[in-house]
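Trainee: So that we are looking at the same thing, I have put the structure below in structure tokens.
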Amino acid sequence: MYKLTGVTKDYQKGRHMTVHALAGVDLVIGDGEWLAIQGPTGHGKTTLLQILGALDRPTSGSVLFQGMDLAVMSERELPGVRAASIGFIFQTFNLIPTLTAQENVETALVPLRTPAARRRERAAAALAGLGLSDRLGHLPGELSGGEQQRVAIARALVKEPKVVLADEPTGNLDEDTRDEIISLLERLWRERGLTLVLVTHDSSIARRAQRIAIMRNGRISAGPAARRVA
């Protein structure tokens, strides 16, 4: 699925300071693998996820995604890769407050030029599959945190992506809702054969993955043994 070689990412901070967010990352992520990434705040986890998701480019190195090097693709090509192949789930849900749950999910299909009637049908089915068939017309402000994250998951999955990138997807949820959302993601990963890359500070969540990696000072290394998944 992914092969990263010598990936660096530098940011300028003011006139004279350079921040080395990624400092030579080598990483292989297999098809259908669930990788959890842990590490201290500010050590490159989110930057790495943005590069995996073609939301940002590395300063140097290669980012092979299904044989395509995201690092050298044009700005016209990258949106198509994101739209068709990559689903995103964020800590803050990132729902549009003025759109209903169904309309929020539909937004993932607009770049794919899916006809309006088909968008509505697929969005409704995606939400129903996550137990939200009675919430289609609700605005985000009318939903609980767990329901909002389910809408965000439906939005990520409605386009049937090859990989899902999740950045602290349970960070704003209470413990019971956290467990519910992670169990849901695990079920979807198993059923759909997704490649799942999940950034988390929560070791109890990370241990549910197939593999754990640790980000520290912009570098990645093998983490503690994760739970063996049958």
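Trainee: Name the long-range amide H neighbours of residue 209: under 5 Å, sequence gap of 5 or more, or other chain; modelled H, no Pro or chain starts.
Mentor: 227
Trainee: How many percent of DSSP beta bridges within the chain run antiparallel, rounded to 5? Don't jump to the answer; show the numbers that get you there.
Mentor: Working: 21 of 39 bridges.
Of all bridge pairs located within the chain, approximately 55 percent are antiparallel.
Trainee: For the chain, the longest stretch holding no GluC sites (Glu not before Pro) located in a DSSP loop with at most 16 other Cβ atoms within 10 Å is which?
Mentor: Working: sites that count: 75, 77.
Value returned for the longest uninterrupted segment is 78-230.
Trainee: Shifting gears a bit: Calculate the translational D of segment 78-200 in whole µm² s⁻¹ from Stokes-Einstein, where the hydrodynamic radius comes from the Kirkwood formula applied to all Cα pairs, the temperature is 25 °C and the viscosity 0.890 mPa s. Walk me through the numbers before you get to the answer.
Mentor: Values: Rh = 14.3 Å.
It diffuses with D of about 172 µm²/s by this estimate.
Trainee: Then there is this: Among DSSP beta bridges lying fully in segment 95-230, give the percent that are antiparallel, nearest 5.
Mentor: Looking only at bridges with both residues in segment 95-230, the antiparallel portion is about 45 percent.
Trainee: Here is a further query. How big is the gap, in Å, between the Cα center of segment 1-78 and the Cα center of segment 121-181?
Mentor: Rounded to whole Å, the Cα centres lie 26 Å apart.
Trainee: Sequence neighbours fewer than 8 away in the same chain don't count; with that in mind, list the lysines whose C-alpha is under 20 Å from residue 45.
Mentor: The reachable lysines, counting only those whose Cα sits under 20 Å from residue 45, are 3, 9, 13.
Trainee: Give me D for segment 137-230 in µm² s⁻¹, whole number, from Stokes-Einstein with Rh from the Kirkwood sum over alpha-carbon pairs, 20 °C and 1.002 mPa s. Can you show the working numbers first?
Mentor: Numbers: Rh = 14.4 Å.
So the translational diffusion coefficient is about 149 µm²/s.
Trainee: Take every Cα-Cα distance within segment 2-222, group them into 5 Å bins from 0 onward, and report for each bin the whole-number percent of pairs it holds.
Mentor: Cα pair-distance distribution for segment 2-222, in percent: 1, 7, 15, 18, 19, 16, 12, 8, 3, 1, 0.
Readers should treat all values here as calculations from the given coordinates under stated rules, not as data from a laboratory. Predicted model only: the values in this text are computed from it and were never measured. Using ideal geometry, Cβ is built from the backbone for each residue, glycine included, and neighbour counts are taken over all protein chains shown.
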